[in-house]
Structures are given as structure tokens and as C-alpha cells.
Amino acid sequence: MTTTSTLSAAALALALGSALSLAALPTVAHADDTMEKCFGVAMKGKNDCAAGAGTTCAGTSKTDHQANAWKLVPKGTCEQTASATSPTGFGQMAAFMAKS
């Protein structure tokens, strides 16, 4: 194999590896004008991203209705969505301390 062929093969392998690595990264949900973040309503492993310790990003919530994990919901529906851990019994617009 020539030096050029070796370099081309290495570059191709590096590009393929990079593409596969990026594909494996979790996607971060982004709110548009019709959606809002709602804390305490996501099911275990179904959160859209993190708010604090115990979550790192999408899909990492450890429990149902985790108080510091949010889910995107249609705007205006968060505080009407049931949450077993919320002091009000409904989703919150910010992370909260779960009721015991």
C-alpha cells in the first residue's frame, strides 16, 4: 500500500467513526413557540433533558415524575398535566422539591 492509499483509508475510517459517534449522541429537545418545558411529568427514561443532579440529558430520568427532569408539552398545558411528585399534583414550570 502506498502512503497516499494508507492516508486515504485512515481519513475514511476517521470520518466514518466520527459520523457514527455523532449519531449515537442523544438529541436535545428544543422548544419552539408552541411548546414549553414542564417539570415532573416525564416518565422514567422519557425526559427531554436535564435540570439537575441525577439527569444528564434526554432519556436519563431515574423515576417517573422526577422533579428535576422536564418534558416538552404544548404551551399552556404544563400546569394541567398530572404529576405524582409535585406539591400541587400537576407539572411545574421550574424544577421543584418532590413531595414525600
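Things to note:
- Residue in region 29-36 that is among the hydrophobic types (A, V, I, L, M, F, W, C), at pLDDT below 75 and surrounded by 14 or more Cβ atoms within 10 Å (Cβ to Cβ) present: yes
- Candidate set from region 15-28 (those that are hydroxyl-bearing (S, T, Y) and outside any loop (DSSP other than H, G, I, E, B)); member that is modelled with the lowest pLDDT: S21
- Residues that are over 10 Å from T63 (Cβ atoms) and part of a loop (DSSP other than H, G, I, E, B) within region 33-46 comprise D33, T34, G40, V41, K46, listed in sequence order.
- Subset of region 79-96 (residues that are in a loop (DSSP other than H, G, I, E, B), modelled with pLDDT of 95 or more and within 17 Å of K46 (Cα to Cα)): T81, S83, A84, T85, G91
- Qualifying residue in region 55-78 (condition: part of a helix (DSSP H, G or I), among the hydrophobic types (A, V, I, L, M, F, W, C) and either modelled with pLDDT under 90 or crowded, with 19+ Cβ neighbours inside 10 Å (or both)): yes
The values are calculated or read from the model by the stated rules, or taken from the named source; none is laboratory data. Just so it is clear, the model here is predicted, and its values are computed rather than measured. Cβ coordinates were reconstructed from backbone atoms using ideal geometry, including for glycine residues, and neighbour counts include every protein chain displayed.
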